[in-house]
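J.: The structure is given below, and queries will be raised subsequently.
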Amino acid sequence: MSVWLESGGRFKGTYLGHAVAGVVKRWANGDVAGTRQYAVVFDEPVDVVKSEAFSSFRQNVTVTLQEDGNSVDHKGNPNGIAAFEPAA
């Protein structure tokens, strides 16, 4: 099932284990066939550091997704960083 997101569309899902929601700023075809690179803005900033020693909150991120909404690395391998779907 395809869950491609569109520019200006809302989404929900997870990013680095955090529940997120936000808006797609723009997308482009990814470097690997069957992927898209998304620039998104979260409704609330998310800590993108897994260390307990410090935090780094981001609200704007870029992520590459497969057609099923799951993130992949630059070679197209699933990496578990994000999973997004269109928000109802």
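J.: For segment 50-88, name all the residues that are in a loop (DSSP other than H, G, I, E, B), touching a strand residue (DSSP E or B) at 6+ places or on another chain (Cβ under 9 Å) and farther than 15 Å from G13 by Cα.
T.: Within segment 50-88, S55, S56, D73, H74, G76 meet the criteria.
Residues are listed down the side, and each one gets a yes or a no for (1) loosely packed, with under 13 Cβ neighbours inside 10 Å; (2) in contact with an Asp or Glu (Cβ under 8 Å, 6 or more places away or on another chain); (3) among the aromatic types (F, W, Y):
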| site | (1), (2), (3) |
| --- | --- |
| R10 | no, no, no |
| A21 | no, yes, no |
| K25 | no, no, no |
| K50 | yes, no, no |
| F54 | yes, no, yes |
| N60 | yes, no, no |
| V63 | no, no, no |
| G76 | no, no, no |
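J.: Among the residues of segment 27-47, how many are surrounded by 14 or more Cβ atoms within 10 Å (Cβ to Cβ) and either outside any strand (DSSP E or B) or touching a helix residue (DSSP H, G or I) at 6+ places or on another chain (Cβ under 7 Å) (or both)?
T.: 2
All of the numbers you see were taken from the coordinates with simple rules; none came from a lab. Predicted model, so just to flag it, every value in this text is computed and none were measured. We place every Cβ from the backbone using ideal geometry, glycine too, and count neighbours over all the protein chains shown.
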